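Engineer: Next up is a structure, given as structure tokens.
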Amino acid sequence: MTIVELMPQLLPGWDEQAARVLTRILTRQGISILTAAGVKGMSARDDGVRLIVTKEGVDNEVIADRVLVAVGRRPYTDGLGLDTIDIAVDLKTGRIPVNQKFMTVCDGVYAIGDCIPGPMLAHKAFDEGVAVVEIIAGKAGHVNYNAIPAVVYSSPEVAFVGATEQILKQRGTAYVTGSFPYKANGRALTMDMTDGFVKILSHMSTDAVLGVHIVGPSASEIIAEAVSVMEFGGSSEDIARTMHAHPTLSEAVKEAALDVDKRSIHKLYTK
């Protein structure tokens, strides 16, 4: 298998460390990963598909059985009759402008999901749908866009919520990191799935959790704890003081939280 990525790293926009670790793991699994590369041409042949991949000005031939093209998505609003009610989509993004209550410029018409700003994720749309119904019913519908989890269902999985280190640096936000490798987690050891880590970013002054990044088994499930903590405005200390069952993969989250203050109990066993 060969992955061709136009951007400099796998998982563009995600945590750089997570991208590096996943790249290393997938490479070890026998997957060839070409970053900062593009497909110049493609043609069908008897034994599969021939691709010309350009990287650093050099053309390389890649022969594949099948080709999966994933070059991003755009909102699908064709055929909705938006022009009949004077709703114009954003020419640059193709999305429908809405206010904080999800209402369009047409009174009584709301929009949610992939056709409005924000991550194009099903669970984001689910929550927006609930929020709109609550707003229509006269209640305080709300979606916390700072606590939307994202997942890549690779093996191992990758998941994150909140900000990356790159974003925090751009914002000038002072932060502290804590991390914990799965190779020091008892459950991961018994499962023989020790690739990956958990990383927590917390505010240097308030200790509020700003972001959590996970590479490892069941990351899609474990990230829910981080989302809950961020939704309630919790801190890394809150996670560190929360009892986690043993042995479980989620203990890696607790250990990463302890490591924010350099108090991880089992991290020393990785040295």
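Engineer: Take the conditions among the aliphatic types (A, V, I, L, M), within 18 Å of P149 (Cβ to Cβ) and buried (at least 22 other Cβ atoms within 10 Å of the Cβ) and apply them to V260. Does it pass?
Structural biologist: Working: among the aliphatic types (A, V, I, L, M): yes; within 18 Å of P149 (Cβ to Cβ): no; buried (at least 22 other Cβ atoms within 10 Å of the Cβ): yes.
In short, no.
Condition check ((1) part of a loop (DSSP other than H, G, I, E, B); (2) farther than 13 Å from P75 by Cβ; (3) free of Cβ contacts under 8 Å to residues at least 40 places away in the same chain) across all residues:
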| site | (1), (2), (3) |
| --- | --- |
| I87 | yes, no, yes |
| G94 | yes, no, yes |
| P97 | yes, no, yes |
| D107 | yes, yes, yes |
| M120 | yes, no, no |
| E128 | no, yes, yes |
| A140 | yes, yes, yes |
| V151 | no, yes, no |
| S154 | yes, yes, no |
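Engineer: Scan the range 156-204 for residues that are of a type outside the set (V, I, T) and outside any strand (DSSP E or B) and report the count. Can you show your working first?
Structural biologist: Of the range 156-204, the ones of a type outside the set (V, I, T) are 156-157, 159-160, 162-163, 165-166, 168-172, 174-175, 178-189, 191-193, 195-197, 199, 201-204.
Narrowing the set further to residues that are outside any strand (DSSP E or B) leaves 156, 163, 165-166, 168-172, 174, 182-189, 191-193, 195-196, 204.
So the count comes out to 24.
Engineer: Then there is this: Check off (1) surrounded by fewer than 22 Cβ atoms within 10 Å (Cβ to Cβ); (2) under 21 Å from E157 (Cα atoms); (3) more than 19 Å from the chain's Cα centre (by Cα) for S205 and give me the number that stays unchecked.
Structural biologist: With respect to (1) surrounded by fewer than 22 Cβ atoms within 10 Å (Cβ to Cβ); (2) under 21 Å from E157 (Cα atoms); (3) more than 19 Å from the chain's Cα centre (by Cα), S205 is out only on (2).
Engineer: Now a separate question. Report, by residue number, each residue of the range 152-202 that is aliphatic (A, V, I, L, M) and over 23 Å from M120 (Cβ atoms). Show your work before the answer.
Structural biologist: Start the filter on the range 152-202 by keeping residues that are aliphatic (A, V, I, L, M), which leaves 152, 158-159, 161, 163, 167-168, 174, 176, 184, 188-189, 191, 193, 198, 200-201.
Within the range 152-202, L168, A174, V176, A184, A188, L189, M191, M193, V198, I200, L201 meet the criteria.
Engineer: Hey, can you tell me all the residues within the range 171-194 that are small (G, A, S), surrounded by 15 or more Cβ atoms within 10 Å (Cβ to Cβ) and either farther than 19 Å from V209 by Cα or modelled with pLDDT under 95 (or both)?
Structural biologist: A184, A188
Engineer: Yes or no: V212 surrounded by 16 or more Cβ atoms within 10 Å (Cβ to Cβ) and either modelled with pLDDT of 95 or more or farther than 22 Å from V260 by Cα (or both)? Steps first, please.
Structural biologist: On the way: surrounded by 16 or more Cβ atoms within 10 Å (Cβ to Cβ): yes; either modelled with pLDDT of 95 or more or farther than 22 Å from V260 by Cα (or both): yes.
When the stated conditions are applied, V212 passes them.
Engineer: Which of the residues belonging to the range 224-271 are over 18 Å from H203 (Cα atoms), in contact with an Asp or Glu (Cβ under 9 Å, 6 or more places away or on another chain) and assigned to a helix (DSSP H, G or I)?
Structural biologist: Listed by number, the list holds a single entry, K267.
The values are calculated or read from the model by the stated rules, or taken from the named source; none is laboratory data. Quantities reported herein were computed from a predicted structural model and do not represent experimental measurements. Glycine also receives a Cβ, built like all others from the backbone with ideal geometry; neighbour counts cover every protein chain displayed.
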